[in-house]
1. Would you check if there is a residue in region 98-106 being open to solvent by less than 20 Å² (accessible area, probe 1.4 Å) and in contact (Cβ under 8 Å) with a residue 40 or more places away in the chain?
2. For Ile90, state whether it is under 19 Å from Gly211 (Cα atoms), part of a helix (DSSP H, G or I) and open to solvent by 10 Å² or more (accessible area, probe 1.4 Å).
3. Checking the conditions here, which among Ser170, Ser150 is hydroxyl-bearing (Ser, Thr, Tyr), open to solvent by less than 70 Å² (accessible area, probe 1.4 Å) and in contact (Cβ under 8 Å) with a residue 24 or more places away in the chain?
4. When region 192-220 is examined, which residues are found to be surrounded by fewer than 18 Cβ atoms within 10 Å (Cβ to Cβ), in a helix (DSSP H, G or I) and of a type in the set (Gly, Ala, Ser)?
5. Out of the residues in region 63-84 meeting the condition of being open to solvent by 50 Å² or more (accessible area, probe 1.4 Å) and more than 13 Å from the chain's Cα centre (by Cα), tell me which one is farthest from Gln233 (Cα to Cα).
6. Is at least one residue of region 116-124 β-branched (Val, Ile, Thr), assigned to a helix (DSSP H, G or I) and in contact with a Pro (Cβ under 7 Å, 6 or more places away or on another chain)?
7. Let me confirm something: among Ser230, Ser285, which residue is in a helix (DSSP H, G or I), surrounded by fewer than 20 Cβ atoms within 10 Å (Cβ to Cβ) and not hydrophobic (A, V, I, L, M, F, W, C)?
8. Can you tell me how many residues within region 39-62 are in a helix (DSSP H, G or I) and open to solvent by 50 Å² or more (accessible area, probe 1.4 Å)?
Amino acid sequence: MRIATLLTSTACLGGTACVVTGQPFDTAKVKMQTFPNMYKGLVDCFVKTYKQVGFRGFYKGTTPALVANIAENSVLFMCYGFCQQIVRRIVGVDRKTKLSDLQNAAAGSFASAFATLVLCPTELVKCRLQAMHEMQLSGKIIQGHNTVWSVVKGVIQKDGPLGFYRGLSSTLLREVPGYFFFFGGYELSRTFFASGRSKDELGPIPLLLSGGFGGSCLWIAVYPVDCVKSRIQVLSMAGKQAGFMGTFVTVVRTEGVLALYSGLTPTMIRAFVANGALFLAYEYSRKLMMKQIDSY
């Protein structure tokens, strides 16, 4: 129980660091994914957002983003430890045996399936708030909901509680393979920097770079899936939206394959910076709390 509390607390700190450093880039990502024809690139998206909505436009959806990241990372890192034990049982090694980078990647992939259940509802609210201005601008909705509560109330009134799980299959398709590359990339990078030493001895710069590399691996691997997910969650405000395969085929047929990569630039910038901050906060807070526990 104490270890579970420790992992939850450290993940909360990491998730907060992730949102604070990356929210403007995440907002640009969602806008460009959902309405690729409105923006020529990252700079154009930033300029138009600032002119039309002001600086606060970059931080639309910050509250659900914080809830989403804290909830996701709390469940993810807590389940990560449990899934590591499951992997140890599967491969038949002692519970204290260090897992290989590949085995850690598999444990992270398993853990992400549990995190998806808490992530999907909060991410839906976040994405809708981030793209609300574009939905009004395109004429898909007449009047948008500008607060978290108004979006939540709108979902409940229109679709009921299950409406928060629009895009669940897309989220699972993103998370499970994505976190294999996320944890795999992170552990491989730490192994590279450790060069035979213990990974626990790594300083802040290697941890930042390793976290950034892991985040980059995730998004490169699953970005088209995330693009489809964003469209389903945002465009379903205007009426019934096709599922994953229907939306995927429609985008490819009408806009081309490259439309699935719209918004990749801000995503990669955010992925490196935010996930570097995530793992740095996680590792250092974990070490600090472990010292406190050992002292009792």
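1. Yes: region 98-106 contains one or more residues that are open to solvent by less than 20 Å² (accessible area, probe 1.4 Å) and in contact (Cβ under 8 Å) with a residue 40 or more places away in the chain.
2. Working: under 19 Å from Gly211 (Cα atoms): no; part of a helix (DSSP H, G or I): yes; open to solvent by 10 Å² or more (accessible area, probe 1.4 Å): yes.
When the stated conditions are applied, Ile90 does not pass them.
3. Numbers: Ser150 fails: in contact (Cβ under 8 Å) with a residue 24 or more places away in the chain.
When all the criteria are applied, what remains is Ser170.
4. Selection gives Ala194 alone.
5. Phe82
6. Restricting attention to region 116-124, the residues satisfying the condition of being β-branched (Val, Ile, Thr) are 116, 118, 122.
Narrowing further to those that are assigned to a helix (DSSP H, G or I): 116, 118, 122.
Right, trim to in contact with a Pro (Cβ under 7 Å, 6 or more places away or on another chain) and you get 122.
Yes, there is a match, as at least one residue in region 116-124 is β-branched (Val, Ile, Thr), assigned to a helix (DSSP H, G or I) and in contact with a Pro (Cβ under 7 Å, 6 or more places away or on another chain).
7. Numbers: Ser230 fails: surrounded by fewer than 20 Cβ atoms within 10 Å (Cβ to Cβ).
Exactly one of Ser230, Ser285 is in a helix (DSSP H, G or I), surrounded by fewer than 20 Cβ atoms within 10 Å (Cβ to Cβ) and not hydrophobic (A, V, I, L, M, F, W, C), namely Ser285.
8. Step one: of region 39-62, the residues in a helix (DSSP H, G or I) are 42-53, 55-59, 62.
Still in the list and also open to solvent by 50 Å² or more (accessible area, probe 1.4 Å): 43, 46-48, 50-52, 55-56, 59.
The total comes to 10.
The values are calculated or read from the model by the stated rules, or taken from the named source; none is laboratory data. Source: prediction; values computed, not measured. Cβ: placed from backbone, ideal geometry, glycine included. Neighbour counts: every protein chain shown. To get the accessible areas, we keep the full protein, side chains included, count just its heavy atoms, and leave off ligands, DNA and RNA. Shrake-Rupley method; radii C 1.70, N 1.55, O 1.52, S 1.80 Å.
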